[in-house]
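Undergrad: Got a structure for you, written out below as C-alpha coordinates; questions coming shortly.
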Amino acid sequence: MIPLGPIEFSPADVALILAVLAFGAVALALPATLTLGWVGYRRGGRWRAVWYWFCGTGLSVGTTFATATHLSWWAVPLGWLPTVLVAWLLNPRRTPKASYCRNP
(Lines give C-alpha, C1' and ligand atoms only; values in the text may rest on other atoms or scores of the structure.)
Protein backbone atom coordinates (compact mmCIF):
# COMPACT_ATOMS: atom_id res chain seq x y z
CA MET A 1 0.00 0.00 0.00
CA ILE A 2 1.30 3.45 -0.88
CA PRO A 3 0.93 6.06 1.86
CA LEU A 4 -1.04 9.07 0.69
CA GLY A 5 0.11 11.49 3.37
CA PRO A 6 3.35 12.57 4.95
CA ILE A 7 5.43 9.83 6.52
CA GLU A 8 5.64 10.16 10.28
CA PHE A 9 8.39 8.59 12.31
CA SER A 10 8.14 7.86 15.99
CA PRO A 11 11.00 9.00 18.25
CA ALA A 12 12.20 5.39 18.43
CA ASP A 13 12.34 5.21 14.61
CA VAL A 14 14.33 8.44 14.44
CA ALA A 15 16.75 7.17 17.09
CA LEU A 16 17.22 3.91 15.17
CA ILE A 17 17.84 5.72 11.88
CA LEU A 18 20.41 8.03 13.52
CA ALA A 19 22.14 5.09 15.21
CA VAL A 20 22.44 3.21 11.91
CA LEU A 21 23.80 6.32 10.17
CA ALA A 22 26.34 6.94 12.95
CA PHE A 23 27.49 3.31 12.98
CA GLY A 24 27.78 3.28 9.19
CA ALA A 25 29.80 6.50 9.19
CA VAL A 26 32.25 5.13 11.76
CA ALA A 27 32.52 1.82 9.87
CA LEU A 28 33.22 3.59 6.58
CA ALA A 29 35.92 5.71 8.25
CA LEU A 30 37.81 2.71 9.70
CA PRO A 31 40.50 2.37 7.00
CA ALA A 32 41.79 5.85 7.78
CA THR A 33 41.08 5.98 11.51
CA LEU A 34 42.77 2.67 12.28
CA THR A 35 45.87 4.00 10.55
CA LEU A 36 45.85 7.08 12.75
CA GLY A 37 45.17 4.91 15.82
CA TRP A 38 48.24 2.81 15.00
CA VAL A 39 50.33 5.97 14.77
CA GLY A 40 48.98 7.02 18.18
CA TYR A 41 49.95 3.65 19.62
CA ARG A 42 53.46 3.97 18.24
CA ARG A 43 53.76 7.48 19.66
CA GLY A 44 52.53 6.86 23.16
CA GLY A 45 50.65 3.68 23.97
CA ARG A 46 47.09 2.47 24.24
CA TRP A 47 45.33 5.59 25.50
CA ARG A 48 46.98 7.84 22.96
CA ALA A 49 45.89 5.37 20.27
CA VAL A 50 42.29 5.63 21.46
CA TRP A 51 42.50 9.41 21.46
CA TYR A 52 44.02 9.51 17.97
CA TRP A 53 41.37 7.09 16.70
CA PHE A 54 38.58 9.19 18.21
CA CYS A 55 39.92 12.45 16.72
CA GLY A 56 40.57 10.77 13.38
CA THR A 57 37.00 9.47 13.31
CA GLY A 58 35.67 12.97 13.90
CA LEU A 59 37.89 14.40 11.16
CA SER A 60 37.04 11.71 8.64
CA VAL A 61 33.29 11.66 9.31
CA GLY A 62 33.13 15.46 9.32
CA THR A 63 34.93 15.70 5.98
CA THR A 64 32.70 12.99 4.51
CA PHE A 65 29.50 14.70 5.61
CA ALA A 66 30.74 18.11 4.46
CA THR A 67 31.40 16.86 0.93
CA ALA A 68 28.61 14.26 0.64
CA THR A 69 26.07 16.58 -0.94
CA HIS A 70 28.42 17.39 -3.82
CA LEU A 71 30.30 14.13 -4.37
CA SER A 72 27.88 11.36 -3.33
CA TRP A 73 29.81 8.15 -2.51
CA TRP A 74 33.11 9.66 -3.61
CA ALA A 75 32.95 11.65 -0.38
CA VAL A 76 33.91 8.53 1.61
CA PRO A 77 37.44 8.09 0.20
CA LEU A 78 37.82 11.87 0.12
CA GLY A 79 37.02 11.88 3.86
CA TRP A 80 39.94 9.51 4.41
CA LEU A 81 42.49 11.91 2.92
CA PRO A 82 42.83 14.40 5.83
CA THR A 83 43.06 11.58 8.38
CA VAL A 84 45.68 9.66 6.40
CA LEU A 85 47.61 12.89 5.85
CA VAL A 86 47.64 13.58 9.60
CA ALA A 87 48.75 9.97 10.23
CA TRP A 88 51.57 10.36 7.73
CA LEU A 89 52.71 13.65 9.30
CA LEU A 90 52.58 12.32 12.88
CA ASN A 91 54.17 8.96 12.15
CA PRO A 92 57.33 8.64 14.25
CA ARG A 93 60.40 8.10 12.10
CA ARG A 94 63.39 6.05 13.03
CA THR A 95 66.55 8.11 12.87
CA PRO A 96 69.99 7.13 14.11
CA LYS A 97 70.06 9.91 16.70
CA ALA A 98 66.41 9.71 17.78
CA SER A 99 67.25 7.98 21.08
CA TYR A 100 70.42 9.94 21.69
CA CYS A 101 70.25 12.06 24.83
CA ARG A 102 73.02 14.50 25.57
CA ASN A 103 73.88 15.10 29.17
CA PRO A 104 74.77 18.74 29.80
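The values are calculated or read from the model by the stated rules, or taken from the named source; none is laboratory data. Just so it is clear, the model here is predicted, and its values are computed rather than measured. Neighbour counts run over all protein chains shown; Cβ positions are idealised from the backbone, glycine included. Only protein heavy atoms, including side chains, enter the accessible area calculation; ligands, DNA and RNA are left aside. Shrake-Rupley method; radii C 1.70, N 1.55, O 1.52, S 1.80 Å.
Undergrad: Out of the range 32-65, which residues are free of Cβ contacts under 8 Å to residues at least 12 places away in the same chain and among the polar types (S, T, N, Q)?
TA: Answer for the range 32-65, where residues must be free of Cβ contacts under 8 Å to residues at least 12 places away in the same chain and among the polar types (S, T, N, Q): there is none.
Undergrad: Here is a follow-up. Go through the range 42-57 residue by residue and tally those that are open to solvent by less than 80 Å² (accessible area, probe 1.4 Å) and either assigned to a helix (DSSP H, G or I) or modelled with pLDDT of 90 or more (or both). Write out each step before concluding.
TA: Taking the range 42-57 and keeping what is open to solvent by less than 80 Å² (accessible area, probe 1.4 Å), we get 44-45, 49-50, 52, 55-57.
From what's left, either assigned to a helix (DSSP H, G or I) or modelled with pLDDT of 90 or more (or both): 44, 49-50, 52, 55-57.
The qualifying residues number 7.
Undergrad: Now for a separate question. Within the range 75-91, can you find the residues that are open to solvent by less than 40 Å² (accessible area, probe 1.4 Å) and farther than 15 Å from residue 31 by Cα?
TA: The answer is none; no residue qualifies.
Undergrad: Among the listed residues 72, 60, 99, which satisfies the condition of being among the hydroxyl-bearing types (Ser, Thr, Tyr), at pLDDT below 90 and open to solvent by less than 90 Å² (accessible area, probe 1.4 Å)?
TA: Values: 60 fails: at pLDDT below 90; 99 fails: open to solvent by less than 90 Å² (accessible area, probe 1.4 Å).
Going through 72, 60, 99 in turn, just one is among the hydroxyl-bearing types (Ser, Thr, Tyr), at pLDDT below 90 and open to solvent by less than 90 Å² (accessible area, probe 1.4 Å): 72.
Undergrad: Okay, moving on. Condition check: in contact (Cβ under 8 Å) with a residue 40 or more places away in the chain, closer than 30 Å to residue 92 by Cα and part of a helix (DSSP H, G or I). Does residue 29 satisfy that? Spell out the reasoning first.
TA: Numbers: in contact (Cβ under 8 Å) with a residue 40 or more places away in the chain: yes; closer than 30 Å to residue 92 by Cα: yes; part of a helix (DSSP H, G or I): yes.
It is true that residue 29 is in contact (Cβ under 8 Å) with a residue 40 or more places away in the chain, closer than 30 Å to residue 92 by Cα and part of a helix (DSSP H, G or I).
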